[in-house]
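Undergrad: I have a structure I would like to understand better, so I am pasting it below and will then ask my questions one at a time.
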Amino acid sequence: MDMEKLVIGIDYGTDSCRAILLDCVSGKELATAISYYPRWKKGLYCDPSANRYRQHPQDYIDSLEQAVKGALEQLPAGMVRKIVGIGIDTTGSTPCLTDRDGTPLALLPGYADDPDAMFILWKDHTSICEADEINALAHTWEIDYTSRSGGIYSSEWFWAKALHVLRANEKVREKACSIIEHCDWMPALLTGNLRPEKVKRSRCAAGHKGMWASAWGGYPPQDFLSALDPLLEGFSARLGGETYTSDVSAGKLTEEWAGRLGLPQGIDVAVGIIDAHAGAVGAGIRANTMVKIIGTSTCDIVVTPKEDIAEKLIPGISGQVDGSVIPGLIGLEAGQSAFGDVYAWWKEMLSWSLRLLPERQRTEAAAQILPELTVEAEKLSATEVDMVAGDWLNGRRTPFADLTLKGGIAGITLATTPAHIYKSLVEATAFGSRAIMEHLKKEGVQVNEVIGVGGISLKSPYVMQTLSDIMGVPIKVAAVQQAGALGAAMCAAVSAGVFDTVEAAQESMGQGYSVVYTPRAEKREAYTALYEKYRELNRFLEGK
């Protein structure tokens, strides 16, 4: 192998685009740069009260150029020519309607400020009604097209979102010809393969979010989509039936984009992948391992050999897809709709009175809230009579998605302090993780180890130790800070021919683990009792 090959990993998160440059042999990070989405940062095109979150495609373009150029500026002279590939991960499902040429509608004259013409961010929940209709139809159809998505289609996903904006906006409806995921659009843009029939669509996104499966020949057929709503007439054919794993090249970087980014023309651009799945690759996932990507929400990714799962369909998860993470293994996805967001909510509640202070003092004081809460919460023992909270503040993702559910707190007294509530919220997010683990075990999915990745896993020993105590398993924390970008870079290295397999790229480019948390035996009895109270509270919140 040429020892002078470099790759770029591009990670599109909720707020920003990050670019990292890595050496393919050592995995050493040579440069990194981040660019925040300018329009998103201003709060444009979103309405949190209506759960509407939209992102402008121009934000993705602007941030990509800035991040890549920022990273390249850190390289020694002459190193740019050694770059051989780009891999891209994005949030998902984050789809957008396009015209016949594959252009997102918001980039067309007259649509630039229309939120329905933009990418619909993963956490947009405006399509709950459409998701309910998809479930109702699929469960009575000859083939249940939700069966490989856990049996429940979510309002966070591809078809529900697209149908919602088609119904809601006549102007958008008149121009819309196809639909594209963010993780498919970026490689298509960079390789000049934008027309819907030319896009190499991600197996990861299509399988987990778009009801694609080889078992029924691709996406749901047109008769199903038209029965759902005639507005979807023709869309199935425009998506095609084939998908690709993310170790495959989507095409070569065009002359235009090579010039705009300052990169060599003709290098490989890997097929896109959803950020959580890329993070699992970067964290070192292997057979029968769960990677927990822990941030504002969580995604739990497991890969398992085909022979272990055979023809069994796992209910209540976010998909089981052959090759969605590691080619040759079945990728399973689960997760929680809110994790770090739960702590952020409590911080914001406690920050309300700080508005009375001057801005600088307000900012400094707010930054100390969670660290001080952690210090106080760590002093509190866990007992069977403690208050308990639910973690469904943004609905439930797994097991059995239901985004209409709400959170709750039980057992408050006049002696309750903010630290008590914070402790119960941390425990609630860990209980939600335990519920997912127990659901997978009940369905026969073997998980031998857990790897934590993401900001919280690196920054909060208190949260991670509580998670290990409550899940009852050791948790390794991946040393890599940008697991998604690293995973995307690993895919780029395979697509460019540097490695033959993703596993080989992981072996060479992996960055190991920083710490291992082990469950404390003395906490087991109390947490088992509190977990039962958590389940009882959730049954009440569900109306059961």
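Undergrad: Can you find, within the stretch 403-423, the residue that is modelled with the lowest pLDDT among those that are under 30 Å from the mean Cα position of the chain (by Cα), over 10 Å from Val388 (Cα atoms) and among the hydrophobic types (A, V, I, L, M, F, W, C)?
TA: Among those residues, the one meeting the criterion is Leu403.
Undergrad: When the stretch 489-544 is examined, which residues are found to be of a type in the set (Val, Ile, Thr) and touching a Gly at 6+ places or on another chain (Cβ under 8 Å)?
TA: Within the stretch 489-544, just Val498 meets the criteria.
Undergrad: Go through (1) surrounded by fewer than 21 Cβ atoms within 10 Å (Cβ to Cβ); (2) touching a Cys at 6+ places or on another chain (Cβ under 9 Å); (3) aliphatic (A, V, I, L, M) one by one and return the number of the condition Leu380 breaks.
TA: (2)
Undergrad: Let me ask you something else. With the condition kept exactly as written, say whether any residue in the stretch 331-350 is under 30 Å from Ala276 (Cα atoms), outside any helix (DSSP H, G or I), of a type outside the set (Val, Ile, Thr) and out of contact with any strand residue (DSSP E or B) (no Cβ under 9 Å at 6 or more places or on another chain). Steps first, please.
TA: Applying the first criterion (under 30 Å from Ala276 (Cα atoms)) to the stretch 331-350 yields 331-349.
Filter once more, so that each one left must be outside any helix (DSSP H, G or I): 331-339.
Subsequent filtering for residues that are of a type outside the set (Val, Ile, Thr) retains 331-339.
Now drop any that are not out of contact with any strand residue (DSSP E or B) (no Cβ under 9 Å at 6 or more places or on another chain), which leaves none.
Taking every residue of the stretch 331-350 in turn, none turns out to be under 30 Å from Ala276 (Cα atoms), outside any helix (DSSP H, G or I), of a type outside the set (Val, Ile, Thr) and out of contact with any strand residue (DSSP E or B) (no Cβ under 9 Å at 6 or more places or on another chain).
Undergrad: Six or more apart or on different chains, Cβ atoms under 7 Å: show the pairs whose first residue is in the stretch 247-276 and free of Cβ contacts under 8 Å to residues at least 12 places away in the same chain and whose second is surrounded by fewer than 18 Cβ atoms within 10 Å (Cβ to Cβ) and not aliphatic (A, V, I, L, M).
TA: Taking only residues 6 or more apart or on different chains, the pairs are Glu255/Gln265; Ala258/Pro264; Ala258/Gln265.
Undergrad: With respect to Lys175, determine if the residue is more than 19 Å from Val321 (Cα to Cα), of a type in the set (D, E, K, R) and crowded, with 24+ Cβ neighbours inside 10 Å.
TA: no
Undergrad: Residues that are more than 16 Å from Asp89 (Cβ to Cβ) and within 16 Å of the chain's Cα centre (by Cα): find the strands (runs of 3 or more DSSP E) completely inside the stretch 224-326 holding 2 or more of those.
TA: It comes to 289-294, 298-305.
Undergrad: Out of Gln66, Gln58, which single residue is farther than 16 Å from Leu263 by Cβ, outside any loop (DSSP other than H, G, I, E, B) and not acidic (Asp, Glu)?
TA: One residue alone meets the criteria, Gln58.
Undergrad: What's the number of the condition Asp500 fails, among (1) assigned to a loop (DSSP other than H, G, I, E, B); (2) out of contact with any Asp or Glu (no Cβ under 8 Å at 6 or more places or on another chain); (3) of a type outside the set (Lys, Arg); (4) modelled with pLDDT under 95?
TA: So the condition that Asp500 fails would be (4).
Undergrad: Within the stretch 224-248, count every residue that is farther than 21 Å from His164 by Cβ, of a type in the set (D, E, K, R) and either surrounded by fewer than 19 Cβ atoms within 10 Å (Cβ to Cβ) or modelled with pLDDT under 95 (or both).
TA: Looking only at that region, the number is 1.
Undergrad: Can you tell me which condition Ala521 does not meet? The list is (1) under 30 Å from Val388 (Cβ atoms); (2) buried (at least 16 other Cβ atoms within 10 Å of the Cβ); (3) hydrophobic (A, V, I, L, M, F, W, C); (4) modelled with pLDDT of 95 or more, and all the others hold.
TA: Only one criterion is unmet by Ala521, namely (2).
Undergrad: Shifting gears a bit: Every residue in the stretch 196-220 that is surrounded by 16 or more Cβ atoms within 10 Å (Cβ to Cβ), in a loop (DSSP other than H, G, I, E, B) and not hydroxyl-bearing (Ser, Thr, Tyr), please.
TA: Answer for the stretch 196-220, where residues must be surrounded by 16 or more Cβ atoms within 10 Å (Cβ to Cβ), in a loop (DSSP other than H, G, I, E, B) and not hydroxyl-bearing (Ser, Thr, Tyr): Val199, Lys200, Arg201, Gly210, Met211, Trp212, Pro220.
Undergrad: Given Val7, Val68, Val25, which one is closer than 30 Å to Glu503 by Cβ, more than 20 Å from the chain's Cα centre (by Cα) and surrounded by fewer than 23 Cβ atoms within 10 Å (Cβ to Cβ)?
TA: Values: Val7 fails: surrounded by fewer than 23 Cβ atoms within 10 Å (Cβ to Cβ); Val68 fails: surrounded by fewer than 23 Cβ atoms within 10 Å (Cβ to Cβ).
Among Val7, Val68, Val25, only Val25 is closer than 30 Å to Glu503 by Cβ, more than 20 Å from the chain's Cα centre (by Cα) and surrounded by fewer than 23 Cβ atoms within 10 Å (Cβ to Cβ).
Undergrad: State the number of residues belonging to the stretch 32-65 that are surrounded by fewer than 18 Cβ atoms within 10 Å (Cβ to Cβ) and small (Gly, Ala, Ser).
TA: Number of matching residues: 3.
Undergrad: If you check Ile285 against the conditions, is it within 22 Å of Val321 (Cβ to Cβ), out of contact with any Ser or Thr (no Cβ under 8 Å at 6 or more places or on another chain) and buried (at least 20 other Cβ atoms within 10 Å of the Cβ)? Can you show your working first?
TA: Details: within 22 Å of Val321 (Cβ to Cβ): yes; out of contact with any Ser or Thr (no Cβ under 8 Å at 6 or more places or on another chain): yes; buried (at least 20 other Cβ atoms within 10 Å of the Cβ): yes.
For Ile285, the condition - within 22 Å of Val321 (Cβ to Cβ), out of contact with any Ser or Thr (no Cβ under 8 Å at 6 or more places or on another chain) and buried (at least 20 other Cβ atoms within 10 Å of the Cβ) - is met.
Undergrad: Moving on to the next point. Where the second residue is assigned to a strand (DSSP E or B) and of a type in the set (Val, Ile, Thr) and the first is at pLDDT below 95 and lies in the stretch 29-43, which pairs have Cβ atoms under 7 Å and are six or more apart or on separate chains?
TA: Listed by first residue and then by second, the contacts come to Glu29/Ile20.
Undergrad: Out of the residues in the stretch 150-172 that are modelled with pLDDT under 95 and small (Gly, Ala, Ser), which is surrounded by the fewest Cβ atoms within 10 Å (Cβ to Cβ)?
TA: Per the stated criteria, the residue is Gly151.
Undergrad: To continue, here is another question. Quick one: what pairs do we get from the stretch 124-135, first residue touching a residue at least 60 places away in the same chain (Cβ under 8 Å), second surrounded by fewer than 18 Cβ atoms within 10 Å (Cβ to Cβ) and assigned to a helix (DSSP H, G or I), C-beta under 9 Å, 6+ apart or different chains?
TA: Within 9 Å, the pairs are His125/Ala50; Thr126/Ala50; Thr126/Ala168.
Undergrad: Counting just the residues of the stretch 424-465 that are in a loop (DSSP other than H, G, I, E, B) and at pLDDT below 95, which one comes out nearest to Tyr513 (Cα to Cα)?
TA: Per the criteria, the residue is Gly454.
Undergrad: Another question about this same structure. Can you name the number of the only condition in (1) small (Gly, Ala, Ser); (2) touching a strand residue (DSSP E or B) at 6+ places or on another chain (Cβ under 9 Å); (3) over 30 Å from Val426 (Cα atoms) that Ala287 fails?
TA: For Ala287, the exception is condition (3).
Undergrad: Another question about this same structure. Examine the stretch 6-23 for a residue that is modelled with pLDDT under 95 and at positive phi, and state whether such a residue exists.
TA: The answer is no; no qualifying residue exists.
Undergrad: Moving to a separate point now. Taking Ile83 as meeting all but one of (1) loosely packed, with under 15 Cβ neighbours inside 10 Å; (2) touching a residue at least 12 places away in the same chain (Cβ under 8 Å); (3) of a type outside the set (Phe, Trp, Tyr); (4) out of contact with any helix residue (DSSP H, G or I) (no Cβ under 8 Å at 6 or more places or on another chain), write down the number of the exception.
TA: (1)
Undergrad: In addition: Does Ser433 satisfy the condition of being among the polar types (S, T, N, Q) and closer than 30 Å to Cys129 by Cα?
TA: Against the criterion (among the polar types (S, T, N, Q) and closer than 30 Å to Cys129 by Cα), Ser433 qualifies.
The values are calculated or read from the model by the stated rules, or taken from the named source; none is laboratory data. Quick caveat: nothing in here was measured; it's all calculated off a predicted structure. So basically every Cβ, Gly included, is an ideal-geometry build from the backbone, and we count neighbours across all protein chains shown.
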